[in-house]
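Colleague: Pasting a structure below so you can have a look.
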Amino acid sequence: MLTHFKCRAGFYPRSNIERDDVPDNKVSWDTEFKKYNPPTYTSPTIKGKPWADPDIAKPDFKPKWNNLDGYVNRMSHTGNYKILNGFPLNPVGRTGITGRGVLGRWGPNHAADPVVTRWKPDHSNRQILQFIAIKRSDTREWALPGGMVDPGEKVAATAIREFQEEALNTLEASEAEKESLKEKFNNFFSGGIEIYSGYVDDPRNTDNAWMETVAYNFHDNEGSIVGELKLNAGDDAVGVCWVDITSDLKLYASHKDIVDSVLARHITPN
Ligand code: RP5
Ligand code: MG
Ligand code: MG
């Protein structure tokens, strides 16, 4: 059964709010947990942001839970989530904190993750698969260069846009540079394969707001295309590089599981 670890321990990111302790066997909402007394936290930094929902108590805020709500997708990849006393409930279970923390949306917050891969150069027999990782500025952990789906944006387009912003720093590129990137890599980026869609065990998740993603693999089997990519960390990334996919690799949220699914697709068992 799906569970979560990274969003149910210690202090909530960028706050001094400590999560209530949720033992492994009390994560599920179906298990009674009388002692459960989570603090409520919604970060003041998201107040009034155009990408954030208003306060849930606001009388004119009438979200269409489990539906496409205008351009905002409030559907979950996990199926219909429950609403309790007007609040959407995390589909995996308790996190030790209520409110929506630093997340913009109540309920699911949709992201997309690009997994750009190649075989490690100078290694015979295609033994080691590498992917492009970024270092996140918030937690300093290595991660996929993913980001939030803009309202109305196609998820596959988000994955490509976020890759270009975070791993190639196109936010600071000239129009001519962007045009040349488009010409060279259009084919490569149109060949993405969906690897995963679902819940992310993100440290920002709460009982009422959580991350979900769709991850796509863009694989350069001959290694002839991606060598041309000029890696340059941008937006919310402070580092970028090719990383070997190994068993002891540690990544942000549940990105290691996603990267492992990509590896499983490319490695044929001997
Ligand atoms: C993760 O957060 C997703 O898998 C995606 O990589 C990321 C999106 O959030 P930001 O990078 O925009 O903070 O849960
Ligand atoms: Mg981004
Ligand atoms: Mg990001």
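Colleague: Could you pull the Cα extents of the stretch 110-267 along its three principal axes, largest to smallest, in whole Å?
Modeller: Projected onto its principal axes, the Cα set of the stretch 110-267 covers 46, 39, 26 Å.
Colleague: Let me ask another. So for I267, I97, fewest C-beta neighbours within 10 Å to most, what's the order?
Modeller: So the residues, fewest neighbours to most, are I267, I97.
Colleague: For the chain, set up a GNM with springs between Cα atoms under 10 Å and report which of V22, V259, V116 has the largest fluctuation.
Modeller: Checking each option, the largest mean-square fluctuation is seen for V22.
Colleague: Here is a follow-up. What does the net charge come to around P44 if you take all other residues with beta carbon closer than 13 Å to its beta carbon, with K and R at +1 and D and E at -1?
Modeller: Cβ neighbours under 13 Å give a net charge of +3.
Colleague: Still on this structure, please answer the following. Looking only at Cα atoms, what is the convex hull volume of the stretch 15-145 per residue, in Å³?
Modeller: Hull volume over Cα atoms, normalised by residue count, gives 186 Å³.
Colleague: Which value results when the Cα radius of gyration for the stretch 113-175 is divided by 2.2 N^0.38 Å?
Modeller: 1.32
Colleague: Oh, and also: Going by amide H atoms built from the backbone, whose H comes under 5 Å of the H on T42, apart from near neighbours?
Modeller: So T42 has HN proximity to R100, G101.
Colleague: Per residue of the chain, what 222 nm ellipticity follows from adding -39500 (n - 2.57) for every DSSP H run with n ≥ 4, rounded to the nearest 500?
Modeller: It lands at -5000 deg cm²/dmol.
Colleague: With only alpha-carbon atoms counted, please give the Rg and Dmax of the chain, in Å.
Modeller: Cα only, the chain: 19.5, 63 Å (Rg, Dmax).
Colleague: Separation between the E18 and K154 pseudo-spin-labels, each 7 Å from Cα along Cα→Cβ, expressed in nm?
Modeller: Using points 7 Å along Cα→Cβ, the separation is 4.9 nm.
Colleague: Using only Cα atoms and rounding to the nearest 10 degrees, what angle (0 to 90) does helix 255-266 make with the longest principal axis of the chain?
Modeller: That works out to roughly 40 degrees.
Colleague: Please report V115, V243, V92 as a ranked list, fewest other C-beta atoms within 10 angstrom at the top and most at the bottom.
Modeller: V243, V92, V115
Colleague: Go through the stretch 89-105 residue by residue and turn each phi into a ³J(HN,Hα) via Karplus (6.51, -1.76, 1.60, θ = phi - 60°); whole Hz please, and just put x for glycine and proline.
Modeller: Each residue of the stretch 89-105 in turn: 10, 3, x, 8, x, 5, 10, x, 7, 10, x, 10, x, 9, 7, x, 9 Hz.
Readers should treat all values here as calculations from the given coordinates under stated rules, not as data from a laboratory. Just so you know, these numbers come straight off a predicted model, no measurement behind them. For neighbour counting, all protein chains shown are included, and Cβ atoms are generated from backbone atoms with ideal geometry for every residue, glycine included.
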